[in-house]
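Notes follow the structure.
The values are calculated or read from the model by the stated rules, or taken from the named source; none is laboratory data. These figures come from a predicted structure and were not determined experimentally. All Cβ positions, glycine included, derive from the backbone under ideal geometry; neighbour counts span all protein chains shown.
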Amino acid sequence: MAVSVNLEKALDKAFENATIAEVLAAPPSALAGLTAAHDEQLLAALKVKTIGELGNNKYIRLAVALADLGGKEG
């Protein structure tokens, strides 16, 4: 089954028509709102060079999981 996702608002204009593989290989600054300075900070702090590495980073994944769980607490 083919899946279509509109990432226009989530990505820098230069990556709007990129494949998922190209986006995952791109630096974090390809995400809308992040800059080359963020790339440097993420590399220094978390050793993250690409969007794929950012998405698979254990600290990022843990924070997302905890935030999801926190929304279910009640």
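Details
- Residue count for region 18-53 under the criterion of being of a type in the set (A, V, I, L, M), assigned to a helix (DSSP H, G or I) and under 20 Å from Val5 (Cα atoms): the result is 7.
- Yes/no for Glu73 being touching an Asp or Glu at 6+ places or on another chain (Cβ under 8 Å) and modelled with pLDDT under 95: no
- Selection within region 35-51 - surrounded by fewer than 17 Cβ atoms within 10 Å (Cβ to Cβ) and of a type in the set (A, V, I, L, M): Ala36, Ala37, Leu43, Ala44, Ala45, Leu46
- Among the residues listed as Leu54, Leu7, the single one being touching a strand residue (DSSP E or B) at 6+ places or on another chain (Cβ under 9 Å) and surrounded by 10 or more Cβ atoms within 10 Å (Cβ to Cβ): Leu54
- When restricted to residues that are of a type in the set (D, E, K, R), touching a Leu at 6+ places or on another chain (Cβ under 8 Å) and either part of a helix (DSSP H, G or I) or closer than 20 Å to Val48 by Cα (or both), region 4-17 contains 1.
- Residues (hydroxyl-bearing (Ser, Thr, Tyr) and exposed (fewer than 12 other Cβ atoms within 10 Å of the Cβ)) located in region 10-34: Thr19
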